[in-house]
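Enquirer: Handing you this structure, nothing more for now.
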Amino acid sequence: MRYSKNVSAFRPSPIRSMMKAVVNPNVISFAGGMPGEELFPVDDIREMVANMPRKAMDTALQYGPTDGLPVLVDLLTEEMSKKGFDMTKNRIIITTGSTQVMNIVSKLLIDENDVVLTEDPVFCGSAGAFCSYHAQLVGVKMDSEGIIISELEKALEKNPKFIYTTPTFHNPAGLTYSRQRRMEFLEVMSKHPDVMILEDDAYGRLYYDNDTQEDIVPMKTYAKNEQQIIYCSSFSKIFGPGLRIGWMVLPKEMFEVAEIAKQSMDACTPQFSQMLAYEFWKSGRLDRYVEMLRNTYKARRDKMVECIKKYCPEEITFVTPKGGFFLWARIPECIDIDKLFDECSERGVVFVKGIAFSADYKNNHHIRLSFSNTNPETIEKGIKLLGEEMYKLMK
């Protein structure tokens, strides 16, 4: 087959390749970053579909505007304004999942061999999107408060096109930038106005400690040069990933070219999904549902933290996530992570090895554990088994 040279730049997702194991009911999966399936608002969706007027159903089944279903765009614009976004200078495009945002931004900004900065570790799905456009990824290390500013300053010397950041409930690291670190980040970036910032906020509404709310305000709402920032979020974690709805808030001057880029990908995001999201949000169901998710996921997070402390070697270190889906654990170097993965898999427990999230594919001796799609009883069973295998490999 005479493939294009683009194929050589593809970076396959190790998480997607594990999906068969993840959906196996006999496997305890801490691997996929998936919402709890038993929590999906199935009854609400059935009711909304059953009561949808004929005219609305006709709209839902038809092609729609590339930038999104107008009523949903209007609702998002209103909500973004309430959050502090300057919607006189920005526009919204509804996308087919937030991964499409990564592809649109890549299509607009990346030429072959351009440098793109990411945090290290970085979500492998986003890294794969950037690499497919022949970007050169440069990872910037983080500590418990976020990206390390001195490392960022060094990386900016490489003349990057943009930096991709997830400052709130990071995937995979689970951490959240402190307010001070966010301000330092923005101050450094203000000295490089030609370097765009792509701010990913997929998990922002899933906070588990109320005192974190001030720390997780999107940076685009208070940056001196907010036009330097493209912001994106998603309904995947707060409604249903199968609906494939994300959105981006971008400077007006970028809107037209971004819309054209999306046209070449899929013409428009499915109207049916957008109509459901609109009705779910407009009716007040979304806020009630998200509150339930916060309570449920907080209990699962707490159970995982408790079980790691109870069953795993004390040498394991991690930052307790204040929101999101993930716990990022550093494993003692005497443990071979490949062997740990194989032994746990044989016993029916899977996780994601940290190397999958490395910007340069180097081993970082971490594992990512997702608590969102597993009930507390199963979390305890799986972490107990994980701990047993760790102790065996430490002997």
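Enquirer: Kindly identify the stretch 155-241 as rounded, prolate or oblate by the Cα gyration tensor criterion: order the square roots of the eigenvalues as a ≥ b ≥ c, call it rounded if a/c is under 1.5, otherwise compare a/b with b/c, prolate if a/b is larger, else oblate.
Expert: Values: a/c = 2.01, a/b = 1.58, b/c = 1.27.
The shape class here is prolate.
Enquirer: How much length is gained if the chain between LYS395 and THR320 is pulled fully straight, taking 0.36 nm per residue apart and subtracting their Cα-Cα distance, in nm to one decimal?
Expert: Working: separation 75, 0.36 × 75 = 27.00 nm, distance 2.74 nm.
Answer, rounded to one decimal: 24.3 nm.
Enquirer: Also, quick follow-up: Just want to confirm a number: the relative contact order over the stretch 116-219, from Cα pairs under 8 angstrom separated by 6+ residues, in percent.
Expert: Taking the mean separation of contacting Cα pairs over the length of the stretch 116-219, I get 28 percent.
Enquirer: With a sphere of radius 11 Å drawn around the Cβ of ASN90, what net charge do the other residues whose Cβ falls strictly inside it have (Lys, Arg +1; Asp, Glu -1)?
Expert: Details: positive: LYS89, ARG91, LYS220, LYS252; negative: ASP86, GLU226, GLU253.
Every neighbour counted, the sum reads +1.
Enquirer: Another one. If we count every other residue with Cβ under 10 angstrom of HIS366's Cβ, Lys/Arg +1 and Asp/Glu -1, where does the sum land? Please report the intermediate quantities before stating the final value.
Expert: Values: positive: ARG330, LYS353, ARG368; negative: none.
After counting each charged neighbour, the total is +3.
Enquirer: Quote to one decimal, in nm, the extra length available between VAL290 and ARG46 on full extension: 0.36 nm per residue of separation minus the C-alpha distance between them.
Expert: Computed gain between VAL290 and ARG46 is 86.0 nm.
Enquirer: Around LYS220, with a cut-off of 10 angstrom between Cβ atoms, what is the net charge of the other residues, counting Lys and Arg +1 and Asp and Glu -1? Walk me through the numbers on the way to the answer.
Expert: On the way: positive: LYS83; negative: ASP86, GLU199, ASP201, GLU226.
Overall, the nearby charge balance is -3.
Enquirer: What whole-number distance in Å separates the alpha-carbon centres of the stretch 344-365 and the stretch 206-240?
Expert: 28 Å
Enquirer: Now for a separate question. What is the distance in Å between the Cα centres of the stretch 105-137 and the stretch 68-82?
Expert: 29 Å
Enquirer: Also, I was wondering about something else. Students often get this wrong, so check it: of LYS310/LYS339; LYS339/LYS395; LYS107/LYS322; LYS262/LYS362; LYS107/LYS252, which have C-alpha atoms separated by over 25 Å?
Expert: Values: LYS310/LYS339 22 Å; LYS339/LYS395 13 Å; LYS107/LYS322 33 Å; LYS262/LYS362 33 Å; LYS107/LYS252 17 Å.
Cα-Cα > 25 Å for LYS107/LYS322; LYS262/LYS362; rest within.
Enquirer: Given the options ARG288, ARG181, ARG91, which has the most mean-square fluctuation in a GNM of the chain, springs set between C-alpha atoms less than 10 angstrom apart?
Expert: ARG288
Enquirer: Additional query: If Rh is defined by the Kirkwood formula over all Cα pairs and Rg also comes from Cα, what ratio Rg/Rh do you get for the stretch 62-282? Mind dumping the intermediate values first?
Expert: Working: Rg = 16.5 Å, Rh = 17.5 Å.
Taking Rg over the Kirkwood Rh, I get 0.94.
Enquirer: In percent, how large is the relative contact order of the stretch 43-187, given Cα pairs closer than 8 Å and 6 or more residues apart? Please list the in-between numbers first.
Expert: Details: 152 pairs, mean separation 26.2, N = 145.
Contact order relative to length: 18 percent.
Enquirer: Right, another one. Taking 0.36 nm per residue of sequence separation and subtracting the Cα-Cα distance, how much length would be gained by fully extending the chain between LYS309 and PHE255, in nm to one decimal? Numbers along the way, then the final one.
Expert: Values: separation 54, 0.36 × 54 = 19.44 nm, distance 4.84 nm.
Contour length minus the Cα-Cα distance gives 14.6 nm.
Enquirer: Per residue of the chain, what 222 nm ellipticity follows from adding -39500 (n - 2.57) for every DSSP H run with n ≥ 4, rounded to the nearest 500? List each step's numbers first, then the result.
Expert: Values: 14 runs with 159 residues, N = 395.
For the chain, the value works out to -12500 deg cm²/dmol.
Enquirer: Would you work out the relative contact order for the stretch 62-282, in percent, from Cα pairs under 8 angstrom that are 6 or more residues apart? Each step should come with its number before you reach the end.
Expert: Numbers: 385 pairs, mean separation 65.4, N = 221.
Reported as a whole number, the value is 30 percent.
Enquirer: Among bridges DSSP assigns within the stretch 94-155, what percent are antiparallel (round to 5)?
Expert: Of those bridges, close to 25 percent are antiparallel.
Here, each number is a calculation from the coordinates, and none is a lab measurement. Please read all numbers here as calculations on a predicted model, not as lab measurements. Here the Cβ is made from the backbone with ideal geometry for all residues, glycine too, and neighbour counts use every protein chain on show.
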